[in-house]
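K.L.:
Supplied in structure tokens, the structure appears directly below.
The values are calculated or read from the model by the stated rules, or taken from the named source; none is laboratory data. All figures in this text were calculated on a predicted structure; none of them were measured in a lab. No Cβ is skipped: glycine too gets one built from the backbone with ideal geometry, and neighbour counts run over all protein chains shown. Side chains included, ligands, DNA and RNA excluded: accessible areas come from the protein's heavy atoms. Shrake-Rupley method; radii C 1.70, N 1.55, O 1.52, S 1.80 Å.
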Amino acid sequence: MYAIDHFCDADLRKAVIAYDRFDELASLPIKIGEMCRRYSIDAIIPTSGAENLTGLPAPVLGSSPAVAARYLDKGYTQKWFESLQIPVPPLVRPGEFPAMLKPLKGSGGWRNTIVHSDDDISAWKDLFPDEPFILQRIVDGIPASVCCVAAGGKARALAVNQQIMRGCGPYRFGFCGSVTPFDTPGKDEMIRYAELAAARSGCIGVLGIDFMVCSDAVYAIELNPRFVATLDTIESATGINLVDLHINACRGIIPESIPVPVQYAVRRILFTDRSFTLTQDLSPLQPHVADVPVTPAEFEEGGAVISVFGSGSDLIHAEETLDNTIRLVNQYIQ
């Protein structure tokens, strides 16, 4: 395996034959071309930021760039969900506040914000000029997702997950972890909607559908035509290998049934509340941590430092093991 990644963390470096780092998404095609010239690459599996790249110098395993590009547009996805009669938060009328503002393109939720007036919208535009956006009615609930695998107009759900958001500050809607499985009364409804959407999407391989689970309904939020950020907890909770399932789907094979979780798994991304330099190698803490920084590593206030994990036979025990690891890691990053 060879990787081109923005971070090239210590654990990724140990898992691959070769790696290269990119700063801007615009440099990805150049980096991919260089890697393919240096090594004999059988196939490319695009992940976040590379879903709609064209003209790559090796076969692509996954959705076609044209198909993936559709669902990177939140406006298109909103209308597409509606055409399938899958509930979505409705768009608001001009002057209707409060509202959820989302950029049409982008992932991770870090630019999403709640606006209460036209002045709030203008302030967001000042931060992100010339960035198209949509305004949705706010729905209160729990962020969740269903990971699916699709091929040939068929799809199978693999896991239902709770998504953990930062919850405060300017990036409060940014992804910072997950819980698998997510036990919720809306689980079956989410699976039904997700399998319908994945099957009809034209996507191939592993993909994710995000939801908001409310007290009386579930609402589809996004379709992500790529590997999902909840990969770690899905594999830990179910024992499946998502890369194997993705490659099989590219051959037209998907599982006959939904995998049964064997345990609960929790992941959290830890952020620093100050600027600091990490000098201690945290690799010995694996497998309880991942995304291990290469030392010395400098972090600005609010920056993501490392992912930590917990697991157990029930959610309480999984969260207890997570908390133990967080306390251990905090000795080095606080």
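K.L.:
Just checking, which of N324, N330 is over 28 Å from D210 (Cα atoms), open to solvent by 70 Å² or more (accessible area, probe 1.4 Å), in contact (Cβ under 8 Å) with a residue 12 or more places away in the chain and in a helix (DSSP H, G or I)? Show your work before the answer.
P.N.:
Numbers: N330 fails: open to solvent by 70 Å² or more (accessible area, probe 1.4 Å).
Just one listed residue meets the conditions, N324.
K.L.:
Does E301 fit the bill of being over 20 Å from D5 (Cα atoms), in a helix (DSSP H, G or I) and open to solvent by 60 Å² or more (accessible area, probe 1.4 Å)?
P.N.:
Values: over 20 Å from D5 (Cα atoms): yes; in a helix (DSSP H, G or I): no; open to solvent by 60 Å² or more (accessible area, probe 1.4 Å): yes.
For E301, the condition - over 20 Å from D5 (Cα atoms), in a helix (DSSP H, G or I) and open to solvent by 60 Å² or more (accessible area, probe 1.4 Å) - is not met.
K.L.:
Still on this structure, please answer the following. Which numbered condition trips up A197, out of (1) assigned to a helix (DSSP H, G or I); (2) aliphatic (A, V, I, L, M); (3) surrounded by fewer than 22 Cβ atoms within 10 Å (Cβ to Cβ)?
P.N.:
With (1) assigned to a helix (DSSP H, G or I); (2) aliphatic (A, V, I, L, M); (3) surrounded by fewer than 22 Cβ atoms within 10 Å (Cβ to Cβ) applied to A197, the lone miss is (3).
K.L.:
Out of all the residues in region 161-174, which are open to solvent by 20 Å² or more (accessible area, probe 1.4 Å), touching a strand residue (DSSP E or B) at 6+ places or on another chain (Cβ under 7 Å) and in a loop (DSSP other than H, G, I, E, B)?
P.N.:
R166, R172, F173
K.L.:
Return yes or no: is L242 modelled with pLDDT of 95 or more, farther than 21 Å from V228 by Cα and not hydroxyl-bearing (S, T, Y)?
P.N.:
On the way: modelled with pLDDT of 95 or more: yes; farther than 21 Å from V228 by Cα: no; not hydroxyl-bearing (S, T, Y): yes.
No; evaluated as a whole, the condition is false for this residue.
K.L.:
Are there any pairs, at least 6 apart or on different chains, whose C-beta atoms fall under 8 Å, with the first in region 34-57 and within 20 Å of K105 (Cβ to Cβ) and without any contact (Cβ under 8 Å) to a residue 12 or more places away in the chain and the second open to solvent by less than 80 Å² (accessible area, probe 1.4 Å) and not in a loop (DSSP other than H, G, I, E, B), and if so, which?
P.N.:
T54/P65
K.L.:
Examine region 243-263 for a residue that is open to solvent by less than 70 Å² (accessible area, probe 1.4 Å) and farther than 26 Å from P46 by Cβ, and state whether such a residue exists.
P.N.:
Yes.
K.L.:
Take the residues in region 97-132 that are exposed (fewer than 14 other Cβ atoms within 10 Å of the Cβ) and either aliphatic (A, V, I, L, M) or under 24 Å from the mean Cα position of the chain (by Cα) (or both); name whichever of them is nearest to P143 (Cα to Cα). Please lay out each step first, then the result.
P.N.:
Pass one, region 97-132, residues exposed (fewer than 14 other Cβ atoms within 10 Å of the Cβ): 108, 114, 116-119, 122-123, 125-132.
Right, trim to either aliphatic (A, V, I, L, M) or under 24 Å from the mean Cα position of the chain (by Cα) (or both) and you get 108, 114, 123, 127-128, 131-132.
On the way: G108: 12, I114: 16, A123: 26, L127: 26, F128: 25, E131: 24, P132: 23 Å.
Applying the filter and picking the extreme gives G108.
K.L.:
Now, a different point. Answer with yes or no whether G174 is in contact (Cβ under 8 Å) with a residue 40 or more places away in the chain and on the phi > 0 side of the Ramachandran plot.
P.N.:
On the way: in contact (Cβ under 8 Å) with a residue 40 or more places away in the chain: yes; on the phi > 0 side of the Ramachandran plot: no.
Taking the combined requirement at face value, the residue does not satisfy it.
K.L.:
From the list D273, D232, D216, which residue is in a helix (DSSP H, G or I) and surrounded by fewer than 24 Cβ atoms within 10 Å (Cβ to Cβ)? Steps first, please.
P.N.:
On the way: D273 fails: in a helix (DSSP H, G or I); D216 fails: in a helix (DSSP H, G or I).
After applying the criteria, what remains is D232.
K.L.:
Are any residues in region 141-180 more than 13 Å from the chain's Cα centre (by Cα) and modelled with pLDDT under 95, and if so, which ones?
P.N.:
Passing the criteria: R166, G167, C168, G169, P170, Y171, R172.
K.L.:
Please specify each residue of region 58-80 satisfying the condition of being more than 17 Å from the chain's Cα centre (by Cα) and small (G, A, S).
P.N.:
Hits for region 58-80 are A58, S64, A66, G75.
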